[in-house]
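What follows is one structure encoded as structure tokens, with my remarks underneath.
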Amino acid sequence: MAETKRLARKAQRIKMLLLDVDGVMTDGGIYYSADGVELKRFHAQDGYGIARALDRGISVGIISGRSSPIVELRAKELHIDDVFQNADDKVAAMKEVLKKHSLSEVQTAFIGDDLFDLPLLKAVGLSAAPNNARTEVKRTVDIVTKSNGGEGAVRELIDFILKHQKT
């Protein structure tokens, strides 16, 4: 009960949601067509959740260690303006976007799945990982979703945050 209240308080503060891509917005697979074009599979429920978050005044950004044109396309489709790809230092990218929006770390949530995400997961006010994240990551975060990456994990986190937001 105390843990649920603690997480609810953290969720109430969230004004910015940052997302990793591979393994969070996607299933983590990297697919190539016969002509060498990279493909990614995104989940429509995550997209709807992102639209709901934006409608409720929560900013959404993407911070990815890799770069792919399909990420830019998906971000544009979802009206996500803050997109950082090839981010060697995800904490620095977060600081840049928070400065732009005049927000603090405690007002920020991040969902990531791999060791590369740990510094950012430890820096935000609410941290999450999909069910299929690395064990070390799942041990570190506030919330582990029931859904896997690319299968609704982002939507699950957004639903949790919105449930606890004051309306």
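The values are calculated or read from the model by the stated rules, or taken from the named source; none is laboratory data. Bear in mind the structure is a predicted one, so any value in this text is a computation, not a measurement. Glycine gets a Cβ as well: all are built from the backbone with ideal geometry, and neighbour counts include every protein chain shown.
Yes or no: K138 at pLDDT 95 or above, touching a strand residue (DSSP E or B) at 6+ places or on another chain (Cβ under 9 Å) and not aliphatic (A, V, I, L, M)? The answer is yes for K138. K146 fulfils the conditions (1) charged (D, E, K, R); (2) without any contact (Cβ under 8 Å) to a residue 60 or more places away in the chain; (3) touching a Leu at 6+ places or on another chain (Cβ under 6 Å) except for a single criterion, (3). In summary, K40 fulfils each of the numbered conditions (1) within 13 Å of the chain's Cα centre (by Cα); (2) over 21 Å from L162 (Cα atoms) with the single exception of condition (1). Restricting attention to the stretch 15-73, the residues being of a type in the set (S, T, Y), surrounded by fewer than 17 Cβ atoms within 10 Å (Cβ to Cβ) and in contact with a helix residue (DSSP H, G or I) (Cβ under 8 Å, 6 or more places away or on another chain) number 1.
Every condition in (1) part of a loop (DSSP other than H, G, I, E, B); (2) under 25 Å from A123 (Cα atoms) is met by V71 except one, and the failing one is (1). Of the residues V97, V91, V106, the single one that is part of a helix (DSSP H, G or I), over 19 Å from G152 (Cα atoms) and in contact with a Pro (Cβ under 7 Å, 6 or more places away or on another chain) is V91.
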